[in-house]
Amino acid sequence: MKNVLCITAGVVGSFVASLFGGWDTGIATLLLFMVIDFFSGLAVAGIFKKSTETETGALKSRAGCKGLCRKSITLLFVLIAFRLDLAIGTNYIRAAVIIGFMANELISIVENAGLMGIPLPGVLTKAIDVLKKKAVTE
């Protein structure tokens, strides 16, 4: 039974990885950033009660579910980008999408750290503000 379970998990994992263009450093880093962001968001809401996603700042299952849905759509964009690369014979669209979403996750992780009261260097907060303003204006 254990072997069947391991083989099944391996086959499913390989299939899913192939849908996203393979398991490389980019996708691994994006997934790691997503996990760190999710758990740091849980800490902000559950421990520090300072979430910007709820009125009270406390943990709320609906906000967590929304966050997981957003992360799922992020992965869907990676899949779409990979398929675009295949369709037009390039190999940079997927990488660009992954880098863009990694930057977004990193910004969220830094914001969560700030909400936890971790002192952040001024240059880092200014860079995040600039990126946010650029995203809004474009």
Exercise for the section: Would you confirm whether any residue within region 102-124 is at positive phi and either surrounded by fewer than 12 Cβ atoms within 10 Å (Cβ to Cβ) or of a type in the set (Ser, Thr, Tyr) (or both)? Expected result: yes
Problem - Selected residue (criterion: farthest from the chain's Cα centre (by Cα)) from residues of region 1-48 that are at pLDDT 90 or above, part of a helix (DSSP H, G or I) and aromatic (Phe, Trp, Tyr) - result: 39
Fill in the blank from the handout: Over region 10-54, the set of residues in contact with a Phe, Trp or Tyr (Cβ under 8 Å, 6 or more places away or on another chain), of a type in the set (A, V, I, L, M, F, W, C) and more than 21 Å from residue 107 (Cβ to Cβ) is 17, 19, 20
Fill in the blank from the handout: Restricting region 64-101 to residues that are small (Gly, Ala, Ser) and surrounded by 16 or more Cβ atoms within 10 Å (Cβ to Cβ), the one nearest to residue 34 (Cα to Cα) turns out to be 67
Completion exercise
Flagged in region 74-122 as in contact (Cβ under 8 Å) with a residue 12 or more places away in the chain, out of contact with any Phe, Trp or Tyr (no Cβ under 9 Å at 6 or more places or on another chain) and charged (D, E, K, R), in numbering order, are 111
Handout entry: Residues that are aliphatic (A, V, I, L, M) and either modelled with pLDDT under 95 or under 19 Å from residue 109 (Cα atoms) (or both), drawn from region 61-88
Key = 63, 68, 73, 75
Handout entry: Test set (1) surrounded by 14 or more Cβ atoms within 10 Å (Cβ to Cβ); (2) in a helix (DSSP H, G or I); (3) in contact (Cβ under 8 Å) with a residue 24 or more places away in the chain - residue 51 fails condition number
Key = (2)
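The values are calculated or read from the model by the stated rules, or taken from the named source; none is laboratory data. Quick caveat, the model's predicted, so the values are computed rather than measured. Cβ coordinates were reconstructed from backbone atoms using ideal geometry, including for glycine residues, and neighbour counts include every protein chain displayed.
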